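Peer 1: My structure is below; once you've seen it, I'll send some questions.
The values are calculated or read from the model by the stated rules, or taken from the named source; none is laboratory data. What you see is a predicted model; the values in this text were computed from it and never measured. A quick note on method: Cβ atoms are made from the backbone with ideal geometry, for glycine too, and the neighbour counts reach across all protein chains shown. All accessible areas refer to the heavy atoms of the entire protein, side chains included, with ligands and DNA or RNA removed. Shrake-Rupley method; radii C 1.70, N 1.55, O 1.52, S 1.80 Å.
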Amino acid sequence: MAADVENNPDAPRTAPLAPLPDHRDVNTPWWQELWRRHAHITTPLRARGLQCDIEYGLSAYIVRVPLPDDSYLIIGPPQEPSSERPPEDPEGWIATREHPDDQALFEVLYDSAPSGDPGVPQRPEARHGGSAQPMIEALDHRLAQLGLLPHPVLPDPAAVRRRCLPRPGPHRLL
């Protein structure tokens, strides 16, 4: 399927990708284009066993990720004020964890959006701006703490082997 073609070489390949969502829009060209534009977010999460979907938020598209404890992640660019930047290059990312039945469970896991209010200090993540990799790493860390990663991220076996092999020393001629 066209929406399932992934071109992210940095995504872990230790487990099969979680399935695509099951709804009628998955086969439409407009949804497949949205999926392609968010692949830098969805592919690493699907590699961790998390199913993702693309939905419209307040003013931009978001990635919605159901979690094993019935809570969910909402990942997207800042929603207000709306931005003209494309989904693959937002000014920052905001990732929250919420629960549909427990309004007390609301946690900001990552926020790299620049603060427009001069009285509010920048969050540490703001230095990463729209880069997705630091956000994925922060989500990995927090979801692992909560025990909510179906497939934890494992190191690349080839990289581990390279680190474990003795390094060749200088050759001595006798």
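Peer 1: Search region 109-149 for residues being over 20 Å from Gln79 (Cα atoms) and among the aliphatic types (A, V, I, L, M), and hand back the single one that is surrounded by the most Cβ atoms within 10 Å (Cβ to Cβ).
Peer 2: The selected residue is Leu143.
Peer 1: Pull out all pairs, ordered by first then second residue, where Cβ-Cβ is under 6 Å, the residues are six or more apart or on different chains, the first lies in region 44-57 and is closer than 12 Å to Ile74 by Cβ, and the second is in a strand (DSSP E or B).
Peer 2: Close Cβ pairs (under 6 Å, with a partner that is in a strand (DSSP E or B)) amount to Cys52/Val63; Cys52/Val65; Asp53/Arg64; Ile54/Tyr61; Glu55/Ile62; Glu55/Arg64; Gly57/Gly76.
Matching residues to (1) farther than 17 Å from Arg37 by Cα; (2) modelled with pLDDT of 85 or more; (3) out of contact with any Lys or Arg (no Cβ under 6 Å at 6 or more places or on another chain):
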{"site": "Glu55", "(1), (2), (3)": "no, yes, no"}
{"site": "Ser71", "(1), (2), (3)": "yes, yes, no"}
{"site": "Glu84", "(1), (2), (3)": "no, no, yes"}
{"site": "Asp89", "(1), (2), (3)": "no, no, yes"}
{"site": "Trp93", "(1), (2), (3)": "no, yes, yes"}
{"site": "Thr96", "(1), (2), (3)": "yes, yes, yes"}
{"site": "Leu109", "(1), (2), (3)": "yes, yes, no"}
{"site": "Asp117", "(1), (2), (3)": "yes, no, yes"}
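Peer 1: For region 107-116, how many residues meet the condition of being assigned to a strand (DSSP E or B) and more than 13 Å from the chain's Cα centre (by Cα)?
Peer 2: Result for region 107-116: 2.
Peer 1: Next up: Only one of these conditions is not met by Ala104: (1) within 16 Å of the chain's Cα centre (by Cα); (2) open to solvent by 50 Å² or more (accessible area, probe 1.4 Å). Which number is it?
Peer 2: (1)
Peer 1: Okay, moving on. Starting from residues that are in contact with a strand residue (DSSP E or B) (Cβ under 6 Å, 6 or more places away or on another chain) and open to solvent by 30 Å² or more (accessible area, probe 1.4 Å), keep the ones in region 54-73 and report whichever is nearest to Arg142 (Cα to Cα).
Peer 2: Once the filter is applied, the top-ranked residue is Tyr72.
Peer 1: Name the pairs: first residue in region 92-110 and touching a residue at least 24 places away in the same chain (Cβ under 8 Å) and among the acidic types (Asp, Glu), second residue part of a strand (DSSP E or B) and open to solvent by 40 Å² or more (accessible area, probe 1.4 Å), Cβ to Cβ under 7 Å, at least 6 apart or on different chains?
Peer 2: Correct list of pairs: Glu98/Phe106.
Peer 1: All but one of (1) at pLDDT 90 or above; (2) over 15 Å from the mean Cα position of the chain (by Cα); (3) not in a helix (DSSP H, G or I) hold for Glu33; state the number of the condition that does not hold.
Peer 2: Single failed check for Glu33: (3).
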